[in-house]
1. Compute the distance in nm between two label points, each set 7 Å from the Cα along the Cα-to-Cβ direction, one at residue 312 and one at residue 277.
2. Between residue 432 and residue 363, what FRET efficiency comes out of the Förster formula 1/(1 + (r/R0)^6) with R0 = 41 Å and r the beta carbon distance, rounded to 0.05?
3. Of the DSSP beta bridges with both residues in region 138-373, give the percent that are antiparallel, rounding to the nearest 5.
4. Return the single residue from 37, 199, 17 with maximal mean-square fluctuation; model: Gaussian network over the chain, springs between Cα atoms under 10 Å.
5. Along the Cα→Cβ direction, 7 angstrom out, place labels at residue 38 and residue 169. What is the inter-label distance in nm?
6. Computed FRET efficiency, Cβ-Cβ of residue 217 and residue 288, R0 25 Å: what is it to the nearest 0.05?
7. Can you give the extra length, in nm with one decimal, that the chain gains between residue 247 and residue 333 once fully stretched, where that is 0.36 nm per residue apart less the Cα-Cα distance?
8. How much length would be gained if the chain were fully extended between residue 120 and residue 349, taking 0.36 nm per residue of separation minus their Cα-Cα distance, in nm to one decimal?
């Protein structure tokens, strides 16, 4: 057995999972279990799973089986949403040694070190109804951008969604503890923080604090030049939040707002907490106060109850809004959800056709938005390049640009002139000296 052990992480799903993986890596590093080098054989393999769709479950199983085959002598650990929902199922996969639920993620180092002592397989998953712990996490995706988890869990119980079953009830850290993390990011030289969570607008459950108080406290931290809100429910995106972001020092003109469907009857079947009039009001308010704002939207197609007429109504509504990007995904049946009781099932072929139409609409909207800014100057936070490859970064309003390498400008905000649009929706830009 090597004196210093190594670990390989594979993370599936959302940015929140990536943030939590980073924390697990730090916990293992404190016990001398370091990230594996490329080409080396790891002693430990950890798969942080997702379960948002049936395909996500399948990918989790595939990754675990692949690691067992590639590294037969390694300790194989499964955690994440799929592990929380179907821990017993995962524990039956030959070669998987440890299965940890959401509450156990923070104790991964203890489970791993214990396994190297006794070699006993472990299935440890707290029942979802008993999940109470908030596990802090912050990931540095590069030298420039960090993803900070401020909240976990969800109390909404939408009819199609398993997240409350996989993540538990809404809970969060305190503002004071999160501000300390933000100051540490600033100390490390980080310039941008993406605020993440499951339902971040619900921040404050159990602490008596509010999301607006959190972002005001963040805005006051010196050294952080940019914040982005990863995703916020339309009914929780208050006018107060929009107005503060519009006049704040460091919050970018960029929102991601889940819509799911633009038909009111389908929204009711989904048990969403708003109707499309509320959603349109939020988009218009953002556009009114931040004319340059980039607005991304989640759209689900083919959910139960989405008749052809309701889909067309949803499509027309989405097309009518000044949106910039649609994150489109076909509905996936999830065991134990209330949606399974809804009549009218959409065929897989129809789901794919509807998704394709929404994706085409998204592409058109994003191209039109970028076209408004060609020839203009916007601030960009530049990221490190690989070798002599072009450098990339995002404008304040989330247009991805490509510039000629200038290593001394990495991790700095510089003005660039947006020049030409590429097929991949990046923009060739020129640094303004």
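Any read-out appearing in this document is the output of simple, stated calculations on the displayed coordinates, not a laboratory observation. Everything numeric in this text was worked out from a predicted model, so none of it was measured. Counting neighbours? That spans all protein chains shown, and the Cβs are built from the backbone with ideal geometry, glycine included.
1. Label-label distance for residue 312 and residue 277, simple model: 2.4 nm.
2. 0.90
3. Looking only at bridges with both residues in region 138-373, the antiparallel portion is about 20 percent.
4. It is 37.
5. Output for this residue pair reads 4.7 nm.
6. 0.45
7. 26.8 nm
8. 77.9 nm
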